[in-house]
1. Give me 227, 172 ranked fewest to most by other Cβ atoms within 10 Å of their Cβ, as a rough exposure proxy.
2. Fewest Cβ neighbours within 10 Å first, please rank 176, 141 accordingly.
3. Taking Cα centroids, how far is region 201-243 from region 125-182 in Å?
4. Can you tell me the length gained on complete extension of the stretch residue 211 to residue 195, counting 0.36 nm per residue apart and subtracting the Cα distance?
5. Can you divide the C-alpha Rg of region 116-244 by 2.2 N^0.38 Å and report the result to two decimal places?
6. Starting from 0.36 nm per residue, how many nanometres of slack lie between residue 171 and residue 71 once their C-alpha separation is accounted for?
7. Among 89, 148, 224, rank each residue by its count of other Cβ atoms within 10 Å, from fewest to most, as a rough exposure measure.
8. Report the gain in length on full extension from residue 150 to residue 219: 0.36 nm times residue separation, minus Cα-Cα distance, nm rounded to one decimal.
């Protein structure tokens, strides 16, 4: 075989390896974790806590909020691809920082079923931290929550989906992909504050800037969902006033 032929083969192998690394993490990552041993939340915080908090603490100080705070709310918008951090140390919630969302999936509208690759919309809690995620680190949301299940049951949707995370990397199949550096900061913040004190609100667009519109194809209950999301966002902002 010619040198050109071997070069083509080598390039194909390299491309295949890169594709497996990027898109097949769900397959090879569990094997890797099993071989190296599972990491605990405490070990992750011990390893990256100082570095992450060196960025977090100045932002909290600028906002006049003690670190660690007592409560945190994350406001995520699918259209703008942004995630705002708001926090309270017992009083009024103050704006802390905005992170870019590197990748989402799906379209405007709530998540309805397993496999639709849709980022959900609603008001959620963080119910778990995964230090062994296939996407570096991850924070699990309580989707489907009671609201989601109520309407899924009413519509006989037996598989509304599950396993929705805020995680690292830049690939999404229904989650908010934040990149590794950002998820490290959020992970450390959640571990320090306590996940029971974390709220996450996901909206199709920022309702403080434009009215949330129910599509003609949406179920009637989506109007109620958007009303709840709008009410939540109205408690935080606008950011410009917070920064004055």
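No value in this document is a laboratory result; all are computed from the given coordinates. Just so you know, these numbers come straight off a predicted model, no measurement behind them. As a convention, Cβ positions derive from the backbone with ideal geometry for all residues, glycine included, and neighbour counts pool all protein chains shown.
1. On the way: 227 13, 172 20.
Arranged by neighbour count, lowest to highest, 227, 172 become 227, 172.
2. Working: 176 28, 141 25.
Ranked by crowding around the Cβ, least crowded first: 141, 176.
3. For region 201-243 versus region 125-182, the Cα centre distance is 20 Å.
4. Values: separation 16, 0.36 × 16 = 5.76 nm, distance 3.03 nm.
Answer, rounded to one decimal: 2.7 nm.
5. On the way: Rg = 15.7 Å, N = 129, 2.2 N^0.38 = 13.9 Å.
In units of the globular-protein estimate, region 116-244 measures up at 1.12.
6. Working: separation 100, 0.36 × 100 = 36.00 nm, distance 2.84 nm.
Additional length available on full extension: 33.2 nm.
7. Numbers: 89 17, 148 22, 224 13.
With the fewest neighbours first, 89, 148, 224 line up as 224, 89, 148.
8. Values: separation 69, 0.36 × 69 = 24.84 nm, distance 1.32 nm.
23.5 nm is the gain from fully extending residue 150 to residue 219.
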